[in-house]
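Okay, structure first, notes after.
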Amino acid sequence: MAATTSGSPASRSRDLAGAKRHVKEIVAAAGSSFYWGMRLLPLEKREAIFAVYAFCREVDDIVDDDCAPEDKDAALRDWRQEIDRLFEGHPTYLTAQALHPAVTRFALPKSEFLLMLEGMEQDAKGGLTAPKEVDLRAYCRRVAGSVGSLSVHIFGDVSPPARELAIVQGEALQYTNVLRDLAEDAARGRLYLPVEYLRDADIGTSVPQEVLAHPNLSRACTAFAEETRHRYARARQLLAQCDRRALRPAAVMLEIYSSLLERLAQGRPASPTRLKVPRLLKLWLALRHGLL
């Protein structure tokens, strides 16, 4: 845990510089597709979105750690207290210190950070197992819609279409992750594929490993992929109503993840190897949709 930002202005400046390096290192180490959208932003916005991403990465890592459940709960409770300190103006964690200028400059809502923590707390308790789709959407609102909502504040468009885009695109991205991470999630005893799609594919079990081994899994995944396409289509409609220049990073992420969805749809469901969009394709999509 980092020291507080008390002290002389010069001391606080040095602490903030270290905090910014910290979150930048987290982003670089993650190798996430989000980087291709974030890099389009001017410095102040880029540093803000790096800090938001680092927060999401750190709380997600708590959940995915092999430590005892009570340790995960304690770590997430500590982050709840840190969010209080952040909004009171005296954060202590490096990532929260990096978030502080963004919270002030872009009026980031505290409620969205708390929603993300709610989603992580849900995962820490075992996550979802073949949920109803309405429950999956509620989960997506916490872990993906929260990020989208924070992002549009930073991007500079908080119009009604942009706010809806944050939720719809968050669902589309998270649905894509559900398909990409089937094997990884099952290894942790989780299954985010909704029960409606299992039933429609005549899969009569919700045990993760049994679902992955079922011969009808591809039917369920194909139907779920089609539903995900509808969300990307709606996101594109909303994007056309927004400040396209401000939301260029969102446009890039939309196209990268949409491309990932199509690659997943063409492959074998629940592949043990995580599918990725090739680096050159990411670059081409960033150039095509980021420079419009």
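For the reader, a short list of remarks on this structure follows.
- Evaluating residue 265 against the criteria (1) out of contact with any helix residue (DSSP H, G or I) (no Cβ under 7 Å at 6 or more places or on another chain); (2) surrounded by 14 or more Cβ atoms within 10 Å (Cβ to Cβ) leaves one unmet condition, (1).
- Scanning the stretch 117-133 for residues that are crowded, with 17+ Cβ neighbours inside 10 Å, in a loop (DSSP other than H, G, I, E, B) and at pLDDT below 95 yields 127, 128.
- Tabulated pairs, the stretch 62-79, first at negative phi and modelled with pLDDT of 90 or more, second part of a helix (DSSP H, G or I) and charged (D, E, K, R), C-beta under 7 angstrom, 6+ apart or interchain: 62/72; 63/72; 63/123; 76/121
- Taken together, the residues in the stretch 75-108 that are within 15 Å of residue 56 (Cα to Cα) and not in a helix (DSSP H, G or I) amount to 2.
- Residue within the stretch 262-276 that is assigned to a loop (DSSP other than H, G, I, E, B) and either at pLDDT 90 or above or of a type in the set (Phe, Trp, Tyr) (or both) present: no
- Each residue in the stretch 183-205 was checked for being over 18 Å from residue 132 (Cβ atoms) and crowded, with 18+ Cβ neighbours inside 10 Å, and 1 of them qualify.
- Test: residue in the stretch 36-48 that is closer than 21 Å to residue 181 by Cβ and outside the structural domain of residue 190 (by TED's automatic domain parsing): yes
- Restricting the stretch 57-103 to residues that are of a type in the set (A, V, I, L, M) and over 22 Å from residue 45 (Cα atoms) leaves a set whose member that is farthest from the chain's Cα centre (by Cα) is 68.
The values are calculated or read from the model by the stated rules, or taken from the named source; none is laboratory data. All of these numbers come straight from a predicted model, not from anything done at the bench. Every residue, glycine as well, gets a Cβ built from its backbone with ideal geometry; the counts of neighbours run over all protein chains shown.
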